[in-house]
Structures are given as C-alpha cells and as structure tokens.
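Peer 1: Quick one: this structure, given as structure tokens, is what I'll be asking you about.
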Amino acid sequence: MSIRSTIMILGLLLYAASASAQFPIENAFPNLDFTRPVDLQHAGDGSNRLFVVEQVGRIEVFVNDASTSNREVFLDITDLVNDAGNEEGLLGLAFHPEYAENGFFYVNYTAADPRRTVIARYSVSAADENRADPASALILLTIAQPFSNHNGGQIAFGPDGYLYIATGDGGSGGDPQNNGQNRATLLGKLLCIDVDNTGGGREYAIPEDNPFVGNNEGWAEEIYAWGLRNPWRFSFDRESGRLWCADVGQNRAEEIDIIEKGKNYGWRIMEGFSCFNPSSGCDQTGLSLPVLEYGRSLGRSVTGGFVYRGKHVPELEGKYIYADFVSGRIWGLTYRGPEDADNQLLLSSGQNISAFGIDESDELYICTFGGSIFRFTPTITTQVEDISGTAEGIRLTGGYPNPALQSETGLASFSYSLTSPGRARLLLFDTLGRIVRVLSDEERFAGTHHLDVRISDLRPGVYFISLQTRTRQLTRKLVVME
C-alpha cells in the first residue's frame, strides 16, 4: 500500500474514532470580537501585540492579553478594498523582518474597476506605534483577476528575507483559463520577490535564484512554484524550514502540500492524487503530489495553519495544524518524511475556521469567521510556567491516580496552591471545551487546598481540570477509564 493511501485511510480511521480528539479550544480574547477575521500576525518587534486582519479592509491591533478589552484600528483601507465577493477583500498581512527599524509592512487585497489583486507596502506612523500612515502606500504589484473567487491572499516573509505571495488560479470553476499550468501568468502560483531592492522597472527585484530568472520562454520570473488552485494559507516551519501550503480543492478533495522551489503541484491536470483534466489517464510527469488529501466526507474547504512550536500544548509539538472551514474539524499532521507520516483529528470545533496565526512565542491562534479568536486550551498553563506546574502565584498538581479508574475509588485527587488569598474557580472540561462541572468557585485563603473529583458518573475519556483565578489559569489533563 502506498504512503498516500496509508495517510488517507489513517485520517479516516482517526475521524471515525472521534473519541481520540482530545484538544479542546477556548476563546483567547473573550472581550474582543472581529468582523470576518482572515489573518492574525505579530510584528516581531517585541511589543507583544497581535494584529487581526478583517476581510472588509481593516487591521486591528491589541496587546496579547486574554483579559484585554481594548483594541485600536491600525489601518483602515475599506475605501480601497473590494470585498463584494465572498473570497475577495483584505486577505493578507506581513511585517518586514526589520519592522522594528524600518516600520514597513505589506498587505494583499482585492480592488475593483478593474478587478485586481494589489500588493502594497505601508509604513507605521512616526507618532503612534498603533497607527499606520495611510498616505505611505507604495503599490508593488497588481495582478488582474478575471473572476471574484480564488484570490489566494497569504503573504509572508521566508527565512531568506524574501516576500512570498500565494495567488489563486483566477476563479470560476475548473480553471477555465488554465492559469495554474500557464507559467506566463502570476495566477495559480506561489511567487517570491525581493522587496528590499528594485529592478527591471519594478518596485521590487527578482531573487537571483528564482527558478525562471532570465528564461527565454516568457515565463514570469516571480514564480517560485506553480500548479495551485486556491492556496488558502501557507507557512514556514521555523525549525525544518519546510513551506507548508493548503490548497482548496474543486469537487473531490482538499490537499496539503510541502512547497519546494521550481515544482509543479498539478492543478488543473490533477486535483489531489486524482486526474482532473482529463478525468483519467492524465500525464503526471514532473508533477509534485500532496503529502495528504481528504475528501468531501470530512470537509469542503481546507484552511492551512502552522507546525506547532509553542510551549503551552507540548503534545502538539511538531504537528502541522490545519482545519476545514466548512466542517470545523482541526487536524494535526505529523510528517517525518514521504514514507513516514500520520494524521490525527484534534477536535471537531463547530466553527468556520478562516485562518491560523502565531504570536511572538509561537503560540497558535485560530481565527473564526464568526469573529472570535480561539486557542487550544493549554495543558500546562496560560502563563509562563516551569515543569513543576507553577504560574506566578498558583499551582495545580495531580490528579492521582491518572489515568483514574472508575472501578476503584471513583475519585481523582488534585491539590492546588495560592500564594495570596482570592477567588479560585475549578472547572471540569470535556474535549470539546464544554464545561462538564463546576468543581469549586469560592474565596480561598493563601496556602494549599485539596480537591477530590468524582469520576464515577463520567463517561470514560479525556477531560481537563482548569484552575482559574482573576489573572491566571492552569490546566491539567485527566484520563478516566472504566
């Protein structure tokens, strides 16, 4: 059996065994909500701020604090942005690697009359770090769009310092203009440009090692890779350097690709692992196939994410986290090579997941089209914590035994400590993030307290105990067995 078949079968098995989904999510910023968030970024300037891109044409900025209720409009270009189609709008944001010094950031949006994609550079205001200067716009690149859908939209700086741009195939259905395979157009591609230099009459330069530099065939020199349908979110893994990309499918399959320079990822010749045009017997010579695909029984529109490199959920370390916009399922793909990979359903969230983002500490956030930003419920703590379980004044230990057997005492014991008196709330969550039981919610004196959790009436599975004070939270996993 091929590795592709193995991955697909494993993915289906993990979906069917939904009890294995054991990573609940929580609202990361319960006092904030957004209008159709499609991207989340940080500036890399040590300010601990997050920037949320709203499809309508705004970028909001706020301090990365779960209790914050304050946010400001960093940039408002709603008068420039066309979001009339459901896949148009302000779609991408990238901060220059030297943003702290030069104040440059870049946006990807669609405009009208004529319909086009615009890549533009802006500068932060000299007077206010939470405001951009709208008059500073420098348009680097425009790409004519024949239809309103399949705009791609992600932009990101790679480890090489170049700006990467994901473009869709131009839209409609079935790529009627065959843009994915046409190397003379910028549509259906991953592009790579040098924004620190200019050349050839452009406001940017072509990297010297781009695959089609100096070609005589009329191919676009900006192209890094091609054969993409609608790449909805790509990211670089900071440890392996791999470039992960999720490409939305047509009618049959969604796919995950690892993008490499100068390679052709198949669209419209293929959709995932199968022939598309022609529907059978297609010539696959020179095509790079996905590392994973999933079918319509699991979802209808893939949303790419990141390889998890944070600290709060160590069980996810090294997994590529991605989701489906329609079904709300979130998966983690462990990829060790083309012959060694496995896929795990992490959660059926019930959310329309439009994007993922990371903060300065590489912690992962989940943007939902409904307006909320989620994160995985930390299995260590929401704050900095050493391995012993301490988080600036509180401690949660246990439970014992863990796994807890219902056939024995029917109880699991926890201890928690407070260095100052105050209200302590202890909650029992299931793997969908639902509160199963409020275990305690009262004022407590400073010191150590003990808590016995009744498990005799719980269904076997994975649960989470959360200790919450006014400013801190700790979470521990509890496994209940018959």
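The values are calculated or read from the model by the stated rules, or taken from the named source; none is laboratory data. Computed from a predicted model, the values in this text were never measured in an experiment. When we count neighbours, we look across all protein chains shown, and the Cβ atoms used for this are built from the backbone with ideal geometry, even at glycine.
Peer 1: I need the full set of residues from segment 327-358 which are free of Cβ contacts under 8 Å to residues at least 60 places away in the same chain and among the aliphatic types (A, V, I, L, M), in order please.
Peer 2: Selection gives Ile353 alone.
Peer 1: Still on this structure, please answer the following. Any residue at all in segment 140-160 that is modelled with pLDDT of 95 or more and either acidic (Asp, Glu) or touching a His at 6+ places or on another chain (Cβ under 9 Å) (or both)?
Peer 2: Yes: one or more hits.
Peer 1: Also: Got a sec? Which of Ala220, Ala184 is surrounded by fewer than 22 Cβ atoms within 10 Å (Cβ to Cβ), in contact with a Leu (Cβ under 8 Å, 6 or more places away or on another chain) and not in a strand (DSSP E or B)?
Peer 2: Step by step, each of Ala220, Ala184 is checked, and only Ala220 is surrounded by fewer than 22 Cβ atoms within 10 Å (Cβ to Cβ), in contact with a Leu (Cβ under 8 Å, 6 or more places away or on another chain) and not in a strand (DSSP E or B).
Peer 1: Consider Pro278 against the criteria (1) modelled with pLDDT under 95; (2) assigned to a loop (DSSP other than H, G, I, E, B): it satisfies all of them except one. Which criterion is unmet?
Peer 2: (1)
Peer 1: Would segment 217-225 turn up any residue that is of a type in the set (Ser, Thr, Tyr), closer than 29 Å to Asp79 by Cα and at pLDDT 95 or above? Break it down into steps so the answer makes sense when it comes.
Peer 2: Start the filter on segment 217-225 by keeping residues that are of a type in the set (Ser, Thr, Tyr), which leaves 224.
Applying the additional criterion that residues be closer than 29 Å to Asp79 by Cα yields none.
Among the residues of segment 217-225, not one is of a type in the set (Ser, Thr, Tyr), closer than 29 Å to Asp79 by Cα and at pLDDT 95 or above, which makes the answer no.
Peer 1: Also, I was wondering about something else. Is it the case that some residue within segment 223-241 is within 26 Å of Asp283 (Cβ to Cβ), of a type outside the set (A, V, I, L, M) and out of contact with any Gly (no Cβ under 8 Å at 6 or more places or on another chain)?
Peer 2: Step one: filter segment 223-241 for residues within 26 Å of Asp283 (Cβ to Cβ), giving 223-231.
Now narrow it down to the ones that are of a type outside the set (A, V, I, L, M): 224, 226-227, 229-231.
After this cut, where a residue has to be out of contact with any Gly (no Cβ under 8 Å at 6 or more places or on another chain) as well, the list is none.
The answer is no; no qualifying residue exists.
Peer 1: Return the pairs, sorted by first residue and then second, in which the second residue is crowded, with 16+ Cβ neighbours inside 10 Å, the first residue lies in segment 199-225 and is among the polar types (S, T, N, Q), the beta carbons are less than 8 Å apart, and the residues are 6+ apart or on different chains.
Peer 2: Listed by first residue and then by second, the contacts come to Asn210/Cys192; Asn210/Glu221; Asn210/Glu222; Asn210/Ile223; Asn210/Tyr224; Asn215/Glu221.
Peer 1: Quickly run through segment 82-111 and pick out the residues that are assigned to a strand (DSSP E or B) and touching a His at 6+ places or on another chain (Cβ under 8 Å).
Peer 2: To start, the set of residues in segment 82-111 that are assigned to a strand (DSSP E or B) comprises 90-95, 104-111.
Listed by number, the residues that qualify are Phe95, Phe104, Phe105, Tyr106.
Peer 1: Which of the residues belonging to segment 444-482 are under 37 Å from the mean Cα position of the chain (by Cα) and β-branched (Val, Ile, Thr)?
Peer 2: Val453, Ile455, Val462, Ile465, Thr469, Thr471, Thr475, Val479, Val480 - these are the residues of segment 444-482 that are under 37 Å from the mean Cα position of the chain (by Cα) and β-branched (Val, Ile, Thr).
Peer 1: Scan segment 327-344 and tell me whether some residue there is assigned to a loop (DSSP other than H, G, I, E, B) and either of a type in the set (D, E, K, R) or not assigned by TED's automatic domain parsing to the domain that holds Pro24 (or both). It would help to see each step written out before you state the result.
Peer 2: Residues of segment 327-344 that are assigned to a loop (DSSP other than H, G, I, E, B), as a first pass: 327-328, 338-339.
In the following step, the residues that additionally are either of a type in the set (D, E, K, R) or not assigned by TED's automatic domain parsing to the domain that holds Pro24 (or both) were identified as 339.
For segment 327-344, residues assigned to a loop (DSSP other than H, G, I, E, B) and either of a type in the set (D, E, K, R) or not assigned by TED's automatic domain parsing to the domain that holds Pro24 (or both): present.
Peer 1: Please determine whether any residue of segment 226-235 is aliphatic (A, V, I, L, M), in the same structural domain as Leu187 (by TED's automatic domain parsing) and in contact with a helix residue (DSSP H, G or I) (Cβ under 8 Å, 6 or more places away or on another chain). Explain how you work it out, then say what you get.
Peer 2: Start the filter on segment 226-235 by keeping residues that are aliphatic (A, V, I, L, M), which leaves 228.
Pick out the ones that are also in the same structural domain as Leu187 (by TED's automatic domain parsing) and you get 228.
From what's left, in contact with a helix residue (DSSP H, G or I) (Cβ under 8 Å, 6 or more places away or on another chain): 228.
Yes; the residues of segment 226-235 include at least one that is aliphatic (A, V, I, L, M), in the same structural domain as Leu187 (by TED's automatic domain parsing) and in contact with a helix residue (DSSP H, G or I) (Cβ under 8 Å, 6 or more places away or on another chain).
Peer 1: Asp79 is checked against (1) touching a Ser or Thr at 6+ places or on another chain (Cβ under 9 Å); (2) exposed (fewer than 14 other Cβ atoms within 10 Å of the Cβ); (3) modelled with pLDDT of 95 or more and fails just one. What number does that condition carry?
Peer 2: Every listed condition holds for Asp79 apart from (1).
Peer 1: Let me ask you something else. Can you say whether Gly168 is part of a loop (DSSP other than H, G, I, E, B) and under 24 Å from the mean Cα position of the chain (by Cα), as far as the supplied structure shows? Talk me through it step by step, then tell me what you get.
Peer 2: On the way: part of a loop (DSSP other than H, G, I, E, B): yes; under 24 Å from the mean Cα position of the chain (by Cα): yes.
Criteria met by Gly168.
Peer 1: Right, another one. Just checking, does segment 182-189 include any residue being within 26 Å of the chain's Cα centre (by Cα), among the aliphatic types (A, V, I, L, M) and at pLDDT 95 or above?
Peer 2: Yes, segment 182-189 contains at least one residue that is within 26 Å of the chain's Cα centre (by Cα), among the aliphatic types (A, V, I, L, M) and at pLDDT 95 or above.
Peer 1: Conditions first: (1) of a type outside the set (Gly, Ala, Ser); (2) over 21 Å from Gly371 (Cα atoms); (3) modelled with pLDDT of 50 or more. Glu54 passes all but one, so which condition is the exception?
Peer 2: Condition not satisfied by Glu54: (2).
Peer 1: Pairs under 8 Å by beta carbon, first residue at positive phi and in the same structural domain as Leu396 (by TED's automatic domain parsing) in segment 409-424, partner outside any strand (DSSP E or B) and surrounded by 15 or more Cβ atoms within 10 Å (Cβ to Cβ), six or more apart or different chains?
Peer 2: Gly410/Ile455; Gly422/Thr469
Peer 1: If you go through segment 303-322 one residue at a time, do you hit one that is of a type in the set (A, V, I, L, M), crowded, with 16+ Cβ neighbours inside 10 Å, within 11 Å of the chain's Cα centre (by Cα) and over 17 Å from Asp237 (Cα atoms)?
Peer 2: Checking segment 303-322: not a single residue is of a type in the set (A, V, I, L, M), crowded, with 16+ Cβ neighbours inside 10 Å, within 11 Å of the chain's Cα centre (by Cα) and over 17 Å from Asp237 (Cα atoms).
Peer 1: Shifting gears a bit: Give segment 116-148 a look and list any residue that's part of a strand (DSSP E or B), polar (S, T, N, Q) and in contact (Cβ under 8 Å) with a residue 24 or more places away in the chain, or say none. First the steps, then the outcome.
Peer 2: Kept after step one, since they are part of a strand (DSSP E or B), are these residues of segment 116-148: 116-124, 132-144.
Within this subset, residues satisfying the condition of being polar (S, T, N, Q) are 117, 123, 136, 142.
Scanning segment 116-148 gives Thr117, Thr142.
Peer 1: May I ask you to list the residues in segment 23-50 that are closer than 23 Å to Ala84 by Cα and either surrounded by fewer than 16 Cβ atoms within 10 Å (Cβ to Cβ) or of a type outside the set (A, V, I, L, M) (or both)? Steps first, answer last, please.
Peer 2: Of segment 23-50, the ones closer than 23 Å to Ala84 by Cα are 33-40.
The answer is Asp33, Phe34, Thr35, Arg36, Pro37, Asp39.
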